[in-house]
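The values are calculated or read from the model by the stated rules, or taken from the named source; none is laboratory data. This one's a predicted model, so the numbers in the text were calculated from it and none came from an experiment. Every residue, glycine as well, gets a Cβ built from its backbone with ideal geometry; the counts of neighbours run over all protein chains shown.
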């Protein structure tokens, strides 16, 4: 049987999985992501691949999800929140070192397609929007089990759209929004969804200089006023942001991934709020917790190669 390797390159960890046949897991391993170090990141990926293949005694096909995308024009990494990757020939460097074709896809696309296929939270659902809420904010669109990439290979990249502003009906005339113009984003703009909805953003809004979003969630459960306000704002902003996706793409299901997807209250409170922002008299879109956990992306990466594919 063929061996398929998948690598998920994240902001804090790199994970590899080895699949055989009908997605039988033969090996899984994680290492920390070298921070701000492109060469170190490449070495870590190569080390994971060689280590797993040595342990299994076989070579496999290799697919990888990254927090960005390859430019169709240059083949270099672009739009990555791990900025040390931007402008780098990641695919070429890995192919040269590993002596095979490497397929690279946006990590949110890998997550979305894994959750829309067998074993995922939205298996059998025709239209799915997969969301990453973690170190960064990403998204992927899946139609009939296949990723929709778009003419510019940016379909689903909602994280660098601006937050939809909303002025309460009782707001004084002329009052500037406290959400305008927003925080600077690494992409060069201000007020991107990533600056409001990522883990570091929630930590910042909850007053945590240590970037610990989980501490904000815990403090909100304990009734700490600043954290409660930060969580309430976060939920409303997420509802607004997802409503804009529903208005445009109208998916049957939205699946949340990334570290913040573990916040249980999102699954009740966000759908309760988004009807006021959706252009419809009722909203049938379901908001789903991922079923494959934070490893969905690595399974999606392995599936960039079909079962039985030959190794180039």
Fill in: Candidates 156, 139 - the one that is in contact with a helix residue (DSSP H, G or I) (Cβ under 8 Å, 6 or more places away or on another chain), assigned to a loop (DSSP other than H, G, I, E, B) and closer than 19 Å to residue 111 by Cα
156
Response to the item:
Of those in the stretch 250-260 that are outside any loop (DSSP other than H, G, I, E, B) and in contact with a strand residue (DSSP E or B) (Cβ under 6 Å, 6 or more places away or on another chain), the residue surrounded by the most Cβ atoms within 10 Å (Cβ to Cβ) is 257
Worksheet item: If you take the residues in the stretch 291-309 that are more than 13 Å from residue 103 (Cα to Cα) and exposed (fewer than 14 other Cβ atoms within 10 Å of the Cβ), which one is modelled with the highest pLDDT?
Response: 293
Response to the item:
Just one listed residue, out of 80, 73, is crowded, with 22+ Cβ neighbours inside 10 Å and free of Cβ contacts under 8 Å to residues at least 24 places away in the same chain, and it is 80
Fill in: Segments classed as strands (runs of 3 or more DSSP E), wholly inside the stretch 1-63, with at least 2 members that are surrounded by 15 or more Cβ atoms within 10 Å (Cβ to Cβ) and free of Cβ contacts under 8 Å to residues at least 60 places away in the same chain
13-20, 24-32
Practice prompt. Test residue 278 against the stated conditions and say whether it is closer than 30 Å to residue 145 by Cβ, at pLDDT 95 or above and in a loop (DSSP other than H, G, I, E, B).
Written response: yes
Worksheet item: Can you tell me which of 273, 211, 221 is assigned by TED's automatic domain parsing to the domain that holds residue 135, surrounded by fewer than 16 Cβ atoms within 10 Å (Cβ to Cβ), free of Cβ contacts under 8 Å to residues at least 60 places away in the same chain and touching a helix residue (DSSP H, G or I) at 6+ places or on another chain (Cβ under 8 Å)?
Response: 211
Discussion item. Quick test of your reading of the structure: residue 168 fulfils all but one of (1) modelled with pLDDT under 95; (2) under 19 Å from residue 286 (Cβ atoms). Name the failing condition by number.
Written reply: (2)
Worksheet, complete the sentence: With criteria (1) over 15 Å from residue 290 (Cβ atoms); (2) modelled with pLDDT of 95 or more, residue 131 comes up short on (1)
Worksheet item: Would you say residue 281 is out of contact with any helix residue (DSSP H, G or I) (no Cβ under 7 Å at 6 or more places or on another chain), touching a residue at least 60 places away in the same chain (Cβ under 8 Å) and surrounded by fewer than 16 Cβ atoms within 10 Å (Cβ to Cβ)?
Response: no
Discussion item. Among the residues that make up the stretch 66-74, is at least one of them assigned to a helix (DSSP H, G or I), modelled with pLDDT under 95 and farther than 24 Å from residue 31 by Cβ?
Written reply: no
